[in-house]
1. Would you mind telling me which numbered condition in (1) more than 12 Å from L249 (Cα to Cα); (2) assigned to a loop (DSSP other than H, G, I, E, B); (3) at pLDDT 95 or above; (4) under 20 Å from the mean Cα position of the chain (by Cα) N87 fails?
2. Can you report the number of residues in the stretch 197-209 which are outside any strand (DSSP E or B), among the charged types (D, E, K, R) and touching a residue at least 12 places away in the same chain (Cβ under 8 Å)?
3. If I filter the stretch 185-197 for residues that are more than 30 Å from E268 (Cβ to Cβ) and buried (at least 21 other Cβ atoms within 10 Å of the Cβ), do I get at least one hit?
4. Could you pull out the residue among A91, A71, A125, A103 that is touching a Lys or Arg at 6+ places or on another chain (Cβ under 6 Å) and crowded, with 20+ Cβ neighbours inside 10 Å?
5. Can you say whether F193 is hydrophobic (A, V, I, L, M, F, W, C), away from the ligand (no atom under 14 Å from the Cβ) and either modelled with pLDDT under 95 or not in a loop (DSSP other than H, G, I, E, B) (or both), as far as the supplied structure shows?
6. Taking N158 and the conditions (1) assigned to a loop (DSSP other than H, G, I, E, B); (2) under 23 Å from F225 (Cα atoms); (3) without any contact (Cβ under 8 Å) to a residue 40 or more places away in the chain, which numbered condition does it fall short on, given that it satisfies the others?
7. In the stretch 131-165, what residues are near the ligand (Cβ under 10 Å from one of its atoms) and over 20 Å from G245 (Cα atoms)?
8. Considering each residue of the stretch 244-265, count those that are away from the ligand (no atom under 16 Å from the Cβ) and in contact with a strand residue (DSSP E or B) (Cβ under 6 Å, 6 or more places away or on another chain), and give that number.
Amino acid sequence: MQNNSFAALTGLLCGCLCLGVSCHADSPVGYTDTPIIPGQKWHVHDPNRPQPKIVTPAETFSHGAGAPSDATVLFDGKDLSKWQHSNGSPARWKVQNGYFEVAPKTGNIQTKEEFQDFQLHVEFASPEVVKGNSQGRGNSGIFLLGQYEVQVLDCYQNITYPDGQLGALYGQYPPLANPAKKPGEWQSYDVIFEAPRWDTNGNLIKKAAVTVIVNGVVLQHRREFLGPCRHRENTSYDGVKSSRGPIALQDHGDLVRFRNIWIRPLGEIDKP
Ligand code: MG
């Protein structure tokens with residue numbers, strides 16, 4: 001047991017980026033052999049960082065009811081025609097009963113269309129059959145522009161490192177609260193995203209920023225990404241130049257379900 005704990009803390013059990021890879025059932029609850037996050041006092045994936053408070057969301061909220069009239073519907077319950085595998089081949093996740101489900105080991109899927117600044121609505125359900133722990137339980141993720149991950153995880157009575165929880169900016173910032181519903185229950189996930197910008201000389205003039213509301217609870221409020229998301233590493237905007245990209249969903253090997261996905265460009269005032 002002690003060996004397991006030691007291995008967990010030193011990250012020997014999980015060194016993988018876990019993109020499209022089935023993860024082990026016994027996942028570590030954090031790492032202390034990782035670098036300190038710039039501007040913070042915590043290690044990347046620090047298990048000792050304070051756990052976000054648990055908030056029980058309201059029984060009902062606005063979801064499952066379609067999209068606003070000007071939204072681009074990315075999934076209406078029927079097919080994955082707006083999606084593709086991240087290598088460009090057809091998406092192979094399973095569509096049934098108005099939702100789609102991760103098909104483990106088939107890889108991440110992403111929208112064919114690219115976006116910049118937007119409002120995104122997603123609904124998800126963690127696997128009803130609970131399996132694994134920490135990051136090995138109900139793990140997926142929403143990759144904004146394909147590289148800024150806001151985490152999807154079954155955080156109902158499941159301890160993991162705070163910067164990897166539901167609604168975290170993965171490896172960067174924990175969510176403000178933990179409003180997870182029970183496995184199998186549908187949950188709403190709303191994102192307002194502002195893409196990063198560079199000037200004509202290639203200097204970063206605006207970092208990516210995100211607001212996240214899960215089950216009606218604000219988890220991030222215009223939080224700036226430190227750079228594209230990494231596992232066990234610090235990040236930066238070095239080498240990044242893109243202000244547009246797809247919405248990608250992570251195949252972490254768990255049977256996470258999604259439905260009612262739509263997106264709206266943010267638009268500008270005085271330019272209706
Ligand atoms: Mg994830």
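1. Against the list (1) more than 12 Å from L249 (Cα to Cα); (2) assigned to a loop (DSSP other than H, G, I, E, B); (3) at pLDDT 95 or above; (4) under 20 Å from the mean Cα position of the chain (by Cα), N87 comes up short only on (3).
2. Selection size over the stretch 197-209: 1.
3. Yes, the stretch 185-197 contains at least one residue that is more than 30 Å from E268 (Cβ to Cβ) and buried (at least 21 other Cβ atoms within 10 Å of the Cβ).
4. Working: A91 fails: touching a Lys or Arg at 6+ places or on another chain (Cβ under 6 Å); A71 fails: crowded, with 20+ Cβ neighbours inside 10 Å; A103 fails: crowded, with 20+ Cβ neighbours inside 10 Å.
So the residue among A91, A71, A125, A103 that is touching a Lys or Arg at 6+ places or on another chain (Cβ under 6 Å) and crowded, with 20+ Cβ neighbours inside 10 Å is A125.
5. Working: hydrophobic (A, V, I, L, M, F, W, C): yes; away from the ligand (no atom under 14 Å from the Cβ): yes; either modelled with pLDDT under 95 or not in a loop (DSSP other than H, G, I, E, B) (or both): yes.
Criteria met by F193.
6. (2)
7. Listed by number, the residues that qualify are Q135, G138, N139, L153, G164.
8. Number of matching residues: 8.
The values are calculated or read from the model by the stated rules, or taken from the named source; none is laboratory data. Keep in mind that this is a model prediction, so the values were computed, not measured. Neighbour counts run over all protein chains shown; Cβ positions are idealised from the backbone, glycine included.
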